[in-house]
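> Before I ask anything, here is the structure I am working with.
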Amino acid sequence: MGIDVGGTYTKCVAMDNETHEIIGKNEVKTTHDDKDGVAAGVVQSFRNCMRENNISPEDVVFVAHSTTQATNAFIEGDVANVGIVGVAGGGLEGILAKKQLNIGDIVLDEKVGRKISVHNTFIKKKQLTEDTIDEAIEELCREGSQVVVASMAFGVDSMDEEILISERASKKGLPVSMASDITKLYGLTRRTRTAAINASIVPKMMATANATESSVRAAGVSVPLMIMRGDGGVMEINEMRKRPILTALSGPAASVMGSLMYLRVSNAIYFEVGGTTTNIGVIKNGRPGVDYAQIGGHDTYVNSLDVRILGCAGGSMVRINDKEVVDVGPRSAHIAGCEYACFTPEEEIVDPQIEMVSPKPGDPADYVTIRLQNGKRICFTNTCAANVLGLIDPKYFAHGNAASARKAMQPVADKLGITVEQLSEQILNKDYEKVNNCINALVEKYQLDRDALRLVGCGGGAASLVPYCAEKMGIPYSIPDNAEVISSIGVALAMVRDVVERVIPTPSQEDIREIKKEAADAAISSGAAPDTVEVHIEIDNQTGKVTAIATGSTEVKTTDLLKECDEAEAKSLAEQDFGSKVTDVALAEQTDKFYVYQGVFKNKQPIRIVDKKGFIKVQCSNGSVVKCNVGEYRDYVKQLWEDAAIYKADTIIRPDYFICAGPRVCDYSNTDLEQIQMLMDLDLGDREESEEIVIVASATEM
């Protein structure tokens, strides 16, 4: 069971663990104003879904939910006062560290003065004892601190001092956050600030977690309650109590995981179009784009999916002047307390009159509403404009009455001296400008293949924006079944995930082994079954940062009964993904788990790796394919380093590698051949030398 908390609705989906079929759905209004906050809606939708679909408590093997609680706490300033106990050595190091540890108040919204109040105290490492720690904590409490942060210079190398501070704070009944528990990266100020932001929401999140967990237990469900993380994984609720900051932006993450796991999307720009906002992000070669989150404008060390949030969506209100549409959004119809025109019975729309409003205090008074003869006030939105233009198929959630929308929009069209259709075009063009800029930025950042670009529309408002934008951009799109609950599906199917990052300038095999084990152990602590954990390593040669990303399934979710596809079906899937411009598609190589297809497009040879379940695991715009034994792979990798490279006047673009070995596709991207081979050795070292593997080398000219 997966529950997604949206801005307007909280939706629960129950799925069959073996077949992934949807058993039932339920939605309730998100309970922002309840004394238990959004947790009340989570429990309501969960219990309703169980009752309506006759699901007994013992049949529930997995339950998880996303949450807006952390994000809302920052937006609303519902945060605790933080006291930082800083520690460093003596001399120049201590002087510099003391300055870096003194981060001051963290401003969340300068306009309204919303902030996290921070108090600081400092102890020299040589003077660190239980007594000096107790004195420091008591001083912070006198200043108003409600939670404690323990942060030491170079604490990532030895956490003993931070652990001692944590133990003393806990004995006094104070919530505590250790900076090196949040991240293992250097950067004392940023690490401490991230821990302070985390600490500020610990009391609120613990109360929410306790209320949710006790309600789930009262419903008779005994399996661990999992919480969605902002990076697309889930973790047990006990882990969330320590690191609640990891749940920030978990709502947008849910739609990505739904697209990835349920729709078998492995390469796409995904849209989740709600009523108020549209979330846009990237899935490339089966992995979503991930970056560090900014919270209140501050850089943090919190990994979250790289989701761009646009203030234009299915319910966005239209803004006009005397001549034209000036903007669409960011306010939506439900903020103004209005229904959409296209969802209003046509017979109600009598004598429609323009009424300009400010939906919230301080907003400009250029938002359009329509006052009806019966006194009711309604809005026309993006959804109304798309219905007028006939862009929404009746099967979609956003389909409404185009005639109602026309009648409501006519007074504004008359005011601007244009037709209702032209007004609709102006409205959707404003959205397109924002969407197009966003997509171009993502294409550039993630080096996406424009020839293979496609859009996947999710969320209840998908059909109001995606078809129009896709047509303008000349990009294929799809809006799948159950698109309106894709986020809840994503929560239900999400994998346990944990990330460990360290700065290791020249990592050895032993360094990599250690960080892989640390990441795997962290994922297991968060609820993953040990034999399901896989770890992906990334090395950034410029910064020396090594990232280990561990993913795994919970004990009860390891069943995989998706029907295997044969070679003909796999080829058809590859051809669909290649698109009509790629010709001569043929099977280049295969293993017992993967098919590798290659085609021709201009002077390139694009490649798709398709697994036996029908997932397109890798998408390359140009590459080479070889099959060899594990024992001889190094020779082929070295040869492809030269053969697949692209030589330009001022640079050489080296290939990325993908290796199909057993049930996994391992990917390697680096500018150092020795490091690539070191990582390959670690992944292939325990396989038989005679085992056949497939190597794909791909270099893309930017």
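> Averaged across orientations, what area in nm² does the convex hull of the alpha carbons in the stretch 102-237 project?
10.4 nm²
> So what is the orientation-averaged projected area of the stretch 463-616, using the convex hull of its C-alpha atoms, in nm²?
For the stretch 463-616, the mean projected area of the Cα convex hull comes to 13.4 nm².
> Oh, and also: With no solvent and one equal point scatterer per Cα, compute the Debye intensity ratio I(q)/I(0) for the stretch 363-418 at 0.26 Å⁻¹ and report its log10, rounded to two decimals.
Debye curve over Cα of the stretch 363-418, log10 I(q)/I(0) at q = 0.26 Å⁻¹: -1.10.
> Run through every distinct alpha carbon pair of the stretch 317-363 and return the Kirkwood hydrodynamic radius in angstroms, one decimal place.
Computed over the stretch 317-363, the radius equals 12.3 Å.
> Between Lys29 and Gln127, what length comes free when the chain is fully extended (0.36 nm per residue of separation minus the Cα-Cα distance, one decimal in nm)?
In short, 29.9 nm is gained.
> What number in nm² do you get for the stretch 1-105 if you take the convex hull of its Cα atoms and divide its surface by four?
Its Cα hull, projected and averaged over all orientations, spans 10.6 nm².
> Toward the positive end of the charge dipole of the stretch 113-163, about the Cα centre and with charges on Cβ (Lys, Arg +1; Asp, Glu -1), which of Val148, Met159, Leu128 goes farthest?
Val148
> Please turn the phi angles of the stretch 441-451 into ³J(HN,Hα) values with the Karplus equation 6.51 cos²θ - 1.76 cosθ + 1.60 (θ = phi - 60°), one per residue in order, whole Hz, x for glycine and proline.
5, 5, 4, 5, 5, 9, 6, 7, 7, 4, 5
> Given a Förster distance of 25 angstrom, what is the FRET efficiency for Asp531 paired with Asp16, based on the Cβ-Cβ distance and rounded to 0.05?
With R0 = 25 Å, the Cβ-Cβ based efficiency is 0.65.
> Just subtract the alpha-carbon distance of Asp635 and Asp78 from 0.36 nm times their residue separation and send over the number in nm, one decimal.
Roughly 194.7 nm would be gained on extension.
> Can I ask one more? Roughly how many percent of the accessible protein surface of the chain is carbon and sulfur, given a 1.4 Å probe and a whole-percent answer?
Looking at the chain in its full context, I get 46 percent from C and S.
> Next question. Which FRET efficiency, nearest 0.05, do Asp521 and Glu688 yield, Cβ-Cβ r, R0 30 Å?
Efficiency at R0 = 30 Å is approximately 0.65.
> Sticking with this one: Can you figure out the FRET efficiency of Glu433 with Ala649, using R₀ = 30 Å and their beta-carbon distance, to the nearest 0.05?
Using R0 = 30 Å, I get an efficiency of 0.25.
> Still on this structure, I have one more. Which three extents, in whole angstrom, do the alpha-carbon atoms of the stretch 331-452 cover along their principal axes, largest first?
Extents along the principal axes: 54, 38, 29 Å.
> Would you calculate the separation in nanometres between label points at Val112 and Asp351, each defined as 7 Å from the Cα along the Cα-to-beta-carbon direction?
3.8 nm
> If the cut-off is a Cα-Cα distance under 24 Å, which lysines reach Lys593, setting aside same-chain residues fewer than 8 apart in sequence?
List returned: Lys284, Lys557, Lys563, Lys571, Lys612, Lys613, Lys617, Lys627.
> Also, quick follow-up: Just order 166-176, 507-517 by mean Cβ neighbour count inside 10 Å, highest at the front, would you?
So the order, starting with the most tightly packed, is 166-176, 507-517.
> While we're looking at this one, here's another question. In deg cm²/dmol, rounded to 500, what helix-only [θ] at 222 nm does the chain give when every DSSP H run of at least 4 residues adds -39500 (n - 2.57) and the total is split over its residues?
Taking each H run of at least 4 residues, the total per residue is -10500 deg cm²/dmol.
> Dividing the alpha-carbon radius of gyration of the stretch 170-225 by 2.2 N^0.38 Å (N being the number of residues), what value is obtained?
1.49
> Okay, moving on. I'd like to know which of Ile182, Asn401, Val112 lies farthest towards the positive end of the charge dipole of the chain, counting +1 on Cβ of Lys and Arg and -1 on Cβ of Asp and Glu.
Value computed over the given set: Val112.
> Describe numerically, in nm with one decimal, the distance between label points set 7 Å from Cα along Cα→Cβ at Glu510 and at Gln294.
4.2 nm
> Sticking with this one: At 20 °C and 1.002 mPa s, grab the translational diffusion coefficient of the chain from Stokes-Einstein with a Kirkwood Rh over Cα pairs, rounded to a whole number in µm² per second.
Reported coefficient: 79 µm²/s.
> Mind scanning Lys430/Lys648; Lys204/Lys434; Lys184/Lys204 and naming the pairs with a C-alpha gap bigger than 29 Å?
Those over the limit are Lys430/Lys648; Lys204/Lys434.
> Related question: Largest first, please: the extent of the C-alpha atoms of the stretch 256-403 along each principal axis, to the nearest Å.
Here the spans come out as 53, 38, 26 Å, largest first.
> Further, regarding this structure: For Val503, which sequence-distant residues (separation of 5 or more, or a different chain) have an amide H within less than 5 Å of its own amide H, given hydrogens modelled in the peptide plane?
Tyr186, Val546
> Can you tell me, using C-alpha contacts under 8 Å and at least 6 residues apart, the relative contact order of the chain as a whole percent?
Once normalised by length, the contact order is 11 percent.
> Near Lys407, which lysines are there with a Cα under 18 Å away, not counting those fewer than 8 places off in the same chain?
Within reach: Lys376, Lys415.
> Check Tyr301: other-chain or 5+ apart residues with amide H under 5 Å from its amide H, H built from backbone geometry?
HN-HN under 5 Å from Tyr301: Thr194.
> What residues qualify as long-range amide H neighbours of Gly24, i.e. H under 5 Å apart, gap of 5 or more or another chain, H built at 1.01 Å from N?
Those lying under 5 Å, H to H, from Gly24 are Ala14.
> Go through Ser525, Val585, Val318 and say which Cα lies farthest out towards the positive end of the charge dipole of the chain; charges sit on Cβ, +1 for Lys and Arg, -1 for Asp and Glu.
Comparing the listed Cα positions along the dipole, Val318 ranks first.
> With θ set to phi - 60° and the Karplus curve 6.51 cos²θ - 1.76 cosθ + 1.60, what are the ³J(HN,Hα) couplings of the stretch 321-326 in order, to the nearest whole Hz, using x for Gly and Pro?
These are the phi-based 3J(HN,Hα) values: 10, 6, 10, 6, 6, 9 Hz.
> Can you order the peptides 396-409, 446-459 by their average number of other Cβ atoms within 10 Å per residue, highest first?
396-409, 446-459
> For Phe122, what accessible area in Å² do you get when you roll a 1.4 Å probe over the heavy atoms of the protein chains, rounding to the nearest 10?
60 Å²
> Treating only the Cβ of Lys, Arg, Asp and Glu as charged (+1, +1, -1, -1), what charge dipole size does the stretch 145-276 show about its Cα centre? Round to the nearest 20 debye.
Using only the charged Cβ atoms, the result is roughly 240 debye.
> Apply the Karplus curve 6.51 cos²θ - 1.76 cosθ + 1.60, θ = phi - 60°, to the phi angles in the stretch 270-280 and return the couplings in whole Hz, x for Gly and Pro.
In residue order, the calculated couplings are 9, 10, 10, 9, x, x, 10, 10, 10, 9, 10 Hz.
> Once you have all Cα-Cα distances for the stretch 445-496, histogram them in 10 Å bins from zero and send the whole-percent values.
In order of increasing distance, the bins hold 23, 40, 33, 4 percent.
> Treating only the Cα positions of the stretch 408-498 as identical point scatterers, give the base-10 log of I(q)/I(0) from the Debye formula at each q in 0.25 Å⁻¹.
So the normalised log intensities work out to -1.20.
> Using a simple spin-label model with points 7 Å from Cα along the Cα→Cβ vector, what separation in nm is obtained for Gln447 and Ala568?
Roughly 3.9 nm, to one decimal.
> Averaged per residue, what accessible surface does the chain expose to a 1.4 Å probe, in Å²?
Per residue, the chain has an accessible area of 42 Å².
> Contact order normalised by length for the stretch 524-624, with contacts defined as Cα pairs under 8 Å and 6 or more residues apart; what percent is it?
So the answer I get is 18 percent.
> Let me ask something else about it. Arrange the peptides 156-165, 328-337 so that the one whose residues have, on average, the most other Cβ atoms within 10 Å appears first.
So the peptides 156-165, 328-337, ranked by packing, come out 328-337, 156-165.
> Could you give the length gained on full extension between Ser669 and Glu575, defined as 0.36 nm per residue of separation minus the Cα-Cα distance, in nm?
31.2 nm
> Also, I was wondering about something else. Could you work out the Rg to Rh ratio of the stretch 577-692, with Rh taken as the Kirkwood radius (inverse of the mean 1/r over all Cα pairs)?
Using Cα coordinates only, the ratio equals 0.96.
> Could you size up the charge dipole of the chain around its Cα centre, putting +1 on the beta carbon of Lys and Arg and -1 on that of Asp and Glu, and report it in debye to the nearest 20?
1680 debye
> To the nearest 20 Debye, how big is the dipole of the stretch 563-702 about its Cα centre, given +1 on the beta carbon of each Lys and Arg and -1 on that of each Asp and Glu?
600 debye
The values are calculated or read from the model by the stated rules, or taken from the named source; none is laboratory data. In this text, all values refer to a predicted model and were calculated from it rather than measured experimentally. FYI the Cβ positions are ideal-geometry reconstructions off the backbone, even for glycines, and counts take in every protein chain you see. What goes into the accessible areas is simple: the full protein's heavy atoms, side chains included, and nothing from ligands, DNA or RNA. Shrake-Rupley method; radii C 1.70, N 1.55, O 1.52, S 1.80 Å.
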